Each structure stands twice: as structure tokens, then as C-alpha cells.
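What follows is a single structure, written as C-alpha cells, with notes after it.
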Amino acid sequence: MTINTKVEEAGFAPASRISTIGVSQILKIGARAQAMKRDGKPVIILGAGEPDFDTPDHVKQAACEAIQSGKTKYTALDGTPELKQAIRDKFLRENGVSYELDEITVATGAKQILFNAMMATLNPGDEVIIPTPYWTSYSDIVEIAEGKPVLIACDAAAGFRLKAEQLEAAITPKTRWVMLNSPSNPSGAAYSADDYRPLLDVLLKHPHVWLLVDDMYEHIVYDGFKFVTPAALEPALKSRTLTVNGVSKAYAMTGWRIGYAGGPRDLIKAMAVVQSQATSCPSSISQAASVAALNGPQDFLEERTASFQHRRDLVVSALNAIEGLDCRTPEGAFYTFSGCSGMLGKTTPASKRIETDTDFCAYLLDDAHVAVVPGSAFGLSPFFRISYATSEAELREALQRIAKACAALN
């Protein structure tokens, strides 16, 4: 008698924790736009979330010197003492918040900081309150960590900002974190001290809820807006606040991949456990460059912000001149988040009906050769995001194309 011992080969099956998560829509749109450019189409991409300025020369020089002096080995797990000291000085100098060195962590980008924090703290079913529109990675990181994102829509009438009554209504015994981002990607909206105050008063009443604030765009604010971070505004919450930042946006160091945070010692220690089994230390060269960025001259920041503000004004004005679009003036960052409800229900010259902001953005890419990102990617429709971190000439051409494409809709 012959016994069949053949085992059927199983096909690939993704882990359930990522079964509902895909690659960022922003990256997909960018990849398609780049493919169109390679095919010879004159595509203008307004989707990139990075400054068009170069990394400052003194920062690049510090990296070169680190290489030449042999600083090319592993460093301490979550940041060199030199970089942690520079971060400590920065928090005290610019934000009025004091952290000890063991209350500071450094990772390979702010995204890893967020990932470490959620993996270190969330149990299955724990809830994380996230106002929308939001940076797309927030909810996906929470889901990978087996938490539950609780999305709260914050519309243009509210300045795309969370209100105290919304926060109060969303908090449950399972709430572990609230995530706030100011200035915001994608809306450019920022929280003043007066905007933060009612939210912090709610959190004071719920001691089981922790606060994660993403301050990545703090240096890119306009019209005299005064940036403030919650740990400075309400010291009683500092013991359950993680203040996240990095060098990517202010210093045009997106590719250097350095993010950092200050927070309670026990949280920082738990985050280090996660990092130790993921990437270990960040790049030694990038850390040396970041020390120079934080400790070096800061005067160029004002000049670059002025350039962004000029471009912001150009984009907001041009979008609001297009019938059917409604663009709020952002307080910071380098994005506009424009309403496009007036375009829904119209048909394209090819007789395709525009039902959603995704349809509208696809139309702009296909017909106008302008790549923008739909609000649905950020949890709020019908809107679309433009990054104006590109040349004024490209912006003017893109805005003319958008206006022409909108006028061609029936």
C-alpha cells in the first residue's frame, strides 16, 4: 500500500495586522506621476511632502567630517549623547520644556518614533483618537500595533482643528492616546495656545489618556503665528505627553532620516525596547549632521519660511479664484487643503462623471498632468492637498492647468 505524503504548498497570506493596510496613496500617486513623466508627459507633481531647499552647507560639512574622523560605527541605541544634548538644548531654548537625556529618544525618522510609541504601549483594542484630516501613517501604525483608530472629522469651518466637545465625546475607558499635529500635514492648520487650552483641560480630567503631539512643522508658520507645544503650555500633562519632532522639514533633511522625541522616562525606555529589535541605532553620520543642524545657525529658517509664505499666498489666491474650489489659508507647513465639493457631479470632456475627490484628482493627473492628493487619503473628503514646496514657476503653470481643467468640466 502506498501512502501519499505529498503536502500542498500554501500560497502567501499576509498577517492579519496588515490585511487592511496598503502602501500610502501619496506614494502610489507619486509613482504613477513619475511613470507618466518617464513616458514623456509634462507632469507637475505637487504631492511631495519635503522642502525643495537643500540641506544647509554647515550640516553637510559636519557629516563629511564625521565620516573622515571615523564616526561610522554603531552608536548608542536611541541616540548619541551629543545629539541627545543638542535635542535637550533645543527643547529648552525653543519650547521652554526641560527633559533629561534619558527622557529623549532618537530614531530613523519621526515615523519610527510614532511606531515605537504605539508598539510599546498599545494592547489589542486600545483606542487612539486621531482628528482628521491626518497624516496617513497615523492610523495605519495604530492598526499594525493592534490598536483601534478613532477618527474624528474636523472640517474647514472648524479650521480643521479638534474641538474640546469632540474630544470629550470620543474618550472612553479604552482610550490610550490622542494624536495632535500642529502645524498639520495635510491641512496646514495650527493650534495656538488658545486653541490648545480647552483640549488640555479635557485631558486633565482623564488621567488615563496620553497625548502625542507631532511638532514636525513648528518652524514653518506664517503671519506672526506663535507656535507652542502642549508640554510647555500645561506642565501637569508633561508626565503623559510625548513631544515628537525631527530635522526633516525645518532643515531640509528628509533623506537623512532622523526623528526625535521627549517624554516620560518609562515610555522612552519601553520605546527603546521596540527599536532595539527593529532597526537598532539611527545612522551615525545622520546623527552627527543633526547635531550641527540643531546647534548651528538658525537664521536661514526665517528666509525659507518667507519663501514658503509667498508660495502659499500664490496658491491660495489662485485656487479661490476657481469656481467650485474653496481653499482655507493655512497657518503653517507647506500644504493647502482645498475643498472641491463644487466639482462633484460634473463630467469631464471624456464624459466621465466626477463622484469623489479621488475622481477629481485622477482627472487633474490624466487631463491636466498635475499630481495632487485627494482628501480621502487623509481621512476627510471632498478635499485635495497641494504641496507648494516646489518652484514658483511650476506652481504658476500647475495652477493655470488646474483652472483650465476645472473650466472644461460640464
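The values are calculated or read from the model by the stated rules, or taken from the named source; none is laboratory data. These numbers were taken from a predicted model, which means no experiment stands behind them. Quick reminder, even Gly has a Cβ in these numbers, built from the backbone with ideal geometry, and neighbours come from all protein chains shown. SASA here: full protein model, heavy atoms, side chains in, ligands and nucleic acids out. Shrake-Rupley method; radii C 1.70, N 1.55, O 1.52, S 1.80 Å.
Consider segment 308-328 and keep the residues that are under 22 Å from the mean Cα position of the chain (by Cα) and free of Cβ contacts under 8 Å to residues at least 60 places away in the same chain. The one that is most open to solvent (accessible area, probe 1.4 Å) is Asp313. Scoring Met118 on the criteria (1) within 17 Å of the chain's Cα centre (by Cα); (2) in a strand (DSSP E or B) leaves a single failure, condition (2). Selection of first residues in segment 190-211 that are among the small types (Gly, Ala, Ser) and of second residues that are in a loop (DSSP other than H, G, I, E, B) and open to solvent by 50 Å² or more (accessible area, probe 1.4 Å), restricted to Cβ pairs under 8 Å at least 6 apart or on distinct chains, gives the following pairs, ordered by first then second residue: Ser192/Lys226; Ala193/Lys226.
Of all residues in segment 200-219, count the ones that are of a type in the set (A, V, I, L, M) and either under 30 Å from Tyr251 (Cα atoms) or under 16 Å from the mean Cα position of the chain (by Cα) (or both). Quick ask: steps written out before the conclusion?
Of all residues in segment 200-219, those of a type in the set (A, V, I, L, M) come to 200, 202-204, 209, 211-213, 216.
From the residues that got through so far, the ones that are either under 30 Å from Tyr251 (Cα atoms) or under 16 Å from the mean Cα position of the chain (by Cα) (or both) too are 200, 211-213, 216.
Adding up the residues that qualify gives 5.
Screening Arg401, Arg353 for residues that are among the basic types (Lys, Arg) and in contact (Cβ under 8 Å) with a residue 40 or more places away in the chain leaves exactly one candidate, Arg401. For segment 131-168, the set of residues classified as farther than 22 Å from Leu114 by Cα, open to solvent by 30 Å² or more (accessible area, probe 1.4 Å) and not in a helix (DSSP H, G or I) consists of Asp155, Lys163, listed by residue number. Residues that are under 22 Å from the mean Cα position of the chain (by Cα) and not in a helix (DSSP H, G or I) were ranked within segment 264-280; the one that is surrounded by the fewest Cβ atoms within 10 Å (Cβ to Cβ) is Ala278. Is it true that Phe384 is under 13 Å from Leu325 (Cα atoms) and of a type in the set (Phe, Trp, Tyr)? The answer is yes for Phe384.
Looking at Ala407, Ala368, Ala350 in this structure, which one is among the small types (Gly, Ala, Ser) and open to solvent by less than 40 Å² (accessible area, probe 1.4 Å)?
Working: Ala407 fails: open to solvent by less than 40 Å² (accessible area, probe 1.4 Å); Ala350 fails: open to solvent by less than 40 Å² (accessible area, probe 1.4 Å).
Checking each option against the conditions leaves just Ala368.
Listed residues Thr358, Thr390; which is of a type outside the set (D, E, K, R), within 11 Å of Leu46 (Cβ to Cβ) and out of contact with any Phe, Trp or Tyr (no Cβ under 7 Å at 6 or more places or on another chain)?
Thr390
Here Asp357 passes the criteria (1) more than 26 Å from Gly22 (Cα to Cα); (2) open to solvent by less than 10 Å² (accessible area, probe 1.4 Å) except the one numbered (1). The residue pairs whose first member lies in segment 30-42 and is in contact (Cβ under 8 Å) with a residue 40 or more places away in the chain and surrounded by 11 or more Cβ atoms within 10 Å (Cβ to Cβ), whose second member is part of a helix (DSSP H, G or I) and not aromatic (Phe, Trp, Tyr), and whose beta carbons are closer than 8 Å, counting only pairs six or more residues apart or on different chains, are Arg32/Leu365; Ala33/Leu365; Met36/Leu365. As a summary of the residue check, Ser286 satisfies the conditions (1) under 30 Å from Glu165 (Cβ atoms); (2) assigned to a helix (DSSP H, G or I); (3) not hydrophobic (A, V, I, L, M, F, W, C) except for the one numbered (1). Could you please let me know if Glu100 is under 28 Å from Val273 (Cα atoms), open to solvent by 80 Å² or more (accessible area, probe 1.4 Å) and acidic (Asp, Glu)? When the stated conditions are applied, Glu100 passes them. Kindly provide the set of residues from segment 218-247 that are within 24 Å of Arg312 (Cα to Cα) and open to solvent by less than 10 Å² (accessible area, probe 1.4 Å), ordered by number. Matches in segment 218-247: Ile220, Tyr222, Thr229, Asn245, Gly246, Val247. In segment 169-193, of all residues being open to solvent by 20 Å² or more (accessible area, probe 1.4 Å) and farther than 21 Å from His219 by Cβ, the one that is nearest to the chain's Cα centre (by Cα) corresponds to Arg176.
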